[in-house]
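Structure, as structure tokens:
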Amino acid sequence: MKHRSLALAVSVVTVGALALTGCGSSTPGGETDENTISFWQNQFSEEDNAWYKEQVAAFNAAHDDVQIKLTVVPGDAWEQKMKAAQAAGNAPDMYTMNYSAVPMKARNGELAPITDLIDQEAWNDLEPRFLDAVTVDGEQYAYPLLYEPSALLLYNKAYFEAAGLDPANPPKDWDQLIDAGLALKDADANVVPFQLAQNAVELSWTTWSSQNGTAGHLPISDDWSESLASDPAYTPLFQFYQDLYAKGVIAKQPLSPYGDAAPLGEGTLAMMANGSWGISLLINQYPDMIENLGVAAMPTIDGDTSRSSATLGGWTIGVDAKSKKTEAAASAVSWLLAEDTAVPKDYFIKTQFSKLSPRISVAAELAEDSGKSVNPFYDVLVESTKSAILEPTYDWQVSLAMGTALEKAMLGGDVAEAQAEADAAITKVIADLGLAEQKNG
């Protein structure tokens with residue numbers, strides 16, 4: 001998910017594998033010593049980054065014949081750096097990517113199939129839906145590390161009590177959410193009642209689940225041949241965003257980007273939609289407010305919990321199709337993600353049990369662990385994934401068309417007109433990119 005590549009720096013940070021090897025080129029991507037695998041990692045949270053750094057160092061310490069050179073790339077630089085490296089023939093041997101990127105990159109010939117380079121037992125250890133997410137035409141092109149619900153309702157229970165709301169009974173549908181927001185607004189004018197995605201790009205991916213949950217489908221047909229964005233079933237979703245803005249339940253300008261839960265921790269926000277990673281941030285950086293933190297599934301249009309209210313995003317590692325070290329890179333991916341359960345399990349410990357494992361064996365160990373004492377919201381986290389959907393794999397322009405239309409409606413634009421514009425834009429993308437041929441080819 002694009003939101004997880006937090007642009008916290010403007011430089012590329014190279015982490016200590018070269019110090020262990022004493023060799024290797026300073027050039028980016030694949031132009032490294034023959035015994036060195038280049039690995040590009042999206043820049044995530046401090047806890048995520050620490051896991052990658054420590055496990056790469058552990059891999060290097062355990063292997064004399066091959067070493068990993070880890071490079072952390074900020075989200076705002078990723079696309080440009082990757083395209084430049086690919087054009088120069090210097091793409092990294094292996095790199096992180098979200099689930100939705102895997103099928104597209106596989107079909108475009110950017111990823112090497114690694115099915116036979118990782119033990120079958122490791123593939124059997126994946127939940128079927130996540131095995132499917134990395135499989136194209138019977139071949140696997142990446143191995144997953146985690147999944148996480150993209151949307152939960154996080155709220156301050158003390159503010160609920162001050163507003164006469166029951167903190168044990170948070171909003172379950174959109175009308176209740178708006179009513180709660182208005183009550184919070186009346187109780188304290190200095191606290192923003194609610195925050196969710198409020199710009200076109202963030203609305204493009206944070207609403208995948210609510211698009212599906214509201215209309216029963218995404219805004220493009222299953223075979224990618226027809227736009228469905230003008231379906232009247234979407235109208236309540238557009239109206240919901242417009243009402244939030246018009247009634248002052250959300251601020252005219254959000255206090256932070258969607259992925260950042262800091263305003264809730266700082267007390268300037270009463271409720272927010274945020275991914276499960278927000279729990280990790282609050283536990284780590286705002287421990288004093290945890291006793292007042294409430295976590296619930298995101299409200300749906302009518303309170304029906306069988307409707308999707310979250311997308312299951314997550315990250316994988318794949319091997320570049322042009323790598324000259326495919327077997328070594330796949331072996332490194334396997335060591336980091338698919339073998340000893342202690343290695344990926346350490347990731348979930350470091351991130352405060354705020355994410356979930358797609359590996360059946362690791363998930364079983366986590367369920368038996370003392371994670372609930374660290375993250376008291378673990379059960380809510382697991383429950384929220386039951387109706388969640390995987391990230392869609394169609395072209396980003398389809399998502400952006402819906403996000404742009406939702407932003408227009410939110411800011412007061414005519415809802416029917418916004419839907420029509422999304423429909424026209426998606427129809428054009430289908431034709432221009434031959435999406436139906438991509439899907440069925």
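Going by the conditions given, is Leu435 in contact (Cβ under 8 Å) with a residue 24 or more places away in the chain and crowded, with 21+ Cβ neighbours inside 10 Å?
Considered against the rule, which asks whether it is in contact (Cβ under 8 Å) with a residue 24 or more places away in the chain and crowded, with 21+ Cβ neighbours inside 10 Å, Leu435 comes out as yes.
With respect to the conditions (1) surrounded by fewer than 24 Cβ atoms within 10 Å (Cβ to Cβ); (2) more than 29 Å from Pro392 (Cβ to Cβ), Leu244 lacks only one, and its number is (2).
Please enumerate the residues belonging to segment 371-396 that are part of a helix (DSSP H, G or I) and surrounded by 18 or more Cβ atoms within 10 Å (Cβ to Cβ). Selection gives Gly371, Tyr378, Val380, Leu381, Ser384. Which of the residues spanning segment 142-196 are more than 30 Å from Leu337 (Cα to Cα), assigned to a strand (DSSP E or B) and not aliphatic (A, V, I, L, M)? Tyr155, Asn156, Asp173, Pro193, Phe194, Gln195, listed by residue number. Please tell me if Asp64 is surrounded by fewer than 16 Cβ atoms within 10 Å (Cβ to Cβ) and part of a loop (DSSP other than H, G, I, E, B). Against the criterion (surrounded by fewer than 16 Cβ atoms within 10 Å (Cβ to Cβ) and part of a loop (DSSP other than H, G, I, E, B)), Asp64 qualifies.
Pairing residues of segment 163-182 that are assigned by TED's automatic domain parsing to the domain that holds Pro299 with residues that are hydroxyl-bearing (Ser, Thr, Tyr) and surrounded by 15 or more Cβ atoms within 10 Å (Cβ to Cβ), at Cβ distances under 7 Å and at least 6 apart in sequence or on separate chains, gives Pro170/Tyr155; Asp173/Thr300.
Residue by residue, here is whether (1) over 24 Å from Met82 (Cβ atoms); (2) modelled with pLDDT of 90 or more; (3) outside any loop (DSSP other than H, G, I, E, B) holds:
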{"residue": "Val102", "(1), (2), (3)": "no, yes, yes"}
{"residue": "Gly109", "(1), (2), (3)": "no, yes, no"}
{"residue": "Asp116", "(1), (2), (3)": "yes, yes, yes"}
{"residue": "Glu121", "(1), (2), (3)": "yes, yes, yes"}
{"residue": "Leu131", "(1), (2), (3)": "yes, yes, yes"}
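Matching residues to (1) buried (at least 21 other Cβ atoms within 10 Å of the Cβ); (2) farther than 13 Å from Ala296 by Cβ; (3) among the hydroxyl-bearing types (Ser, Thr, Tyr); (4) touching an Asp or Glu at 6+ places or on another chain (Cβ under 9 Å):
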{"residue": "Lys157", "(1), (2), (3), (4)": "no, no, no, yes"}
{"residue": "Gly164", "(1), (2), (3), (4)": "no, yes, no, no"}
{"residue": "Asn169", "(1), (2), (3), (4)": "no, no, no, no"}
{"residue": "Ala180", "(1), (2), (3), (4)": "yes, no, no, no"}
{"residue": "Ala187", "(1), (2), (3), (4)": "no, yes, no, no"}
{"residue": "Val192", "(1), (2), (3), (4)": "yes, yes, no, no"}
{"residue": "Gln195", "(1), (2), (3), (4)": "yes, yes, no, no"}
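Scanning segment 82-100 for residues that are at pLDDT 90 or above, crowded, with 20+ Cβ neighbours inside 10 Å and of a type outside the set (A, V, I, L, M, F, W, C) gives Pro92, Asp93, Tyr95, Thr96, Asn98, Tyr99. The single condition among (1) more than 23 Å from the chain's Cα centre (by Cα); (2) more than 20 Å from Ala342 (Cβ to Cβ); (3) assigned to a helix (DSSP H, G or I) that Ala57 does not meet is (2).
Counted as qualifying within segment 305-370 are the helices (runs of 4 or more DSSP H) with 2 or more residues that are at pLDDT below 95 and small (Gly, Ala, Ser), namely 360-368. Can you tell me which residue among Ala246, Ala233 is closer than 19 Å to Met298 by Cβ and out of contact with any Phe, Trp or Tyr (no Cβ under 6 Å at 6 or more places or on another chain)? Answer to the selection: Ala233. Only residues that are in a loop (DSSP other than H, G, I, E, B) and either under 19 Å from Leu154 (Cα atoms) or not assigned by TED's automatic domain parsing to the domain that holds Gln239 (or both) were counted across segment 197-219, and they come to 3.
Within segment 67-92, the residues that satisfy the criterion of being of a type outside the set (Val, Ile, Thr) and over 23 Å from the mean Cα position of the chain (by Cα) are Gln67, Lys69, Ala84, Ala85, Gln86, Ala87, Ala88, Gly89, Asn90, Ala91.
The values are calculated or read from the model by the stated rules, or taken from the named source; none is laboratory data. What you are looking at is a predicted structure, and each value in this text was computed from that prediction instead of being measured. Every residue, glycine as well, gets a Cβ built from its backbone with ideal geometry; the counts of neighbours run over all protein chains shown.
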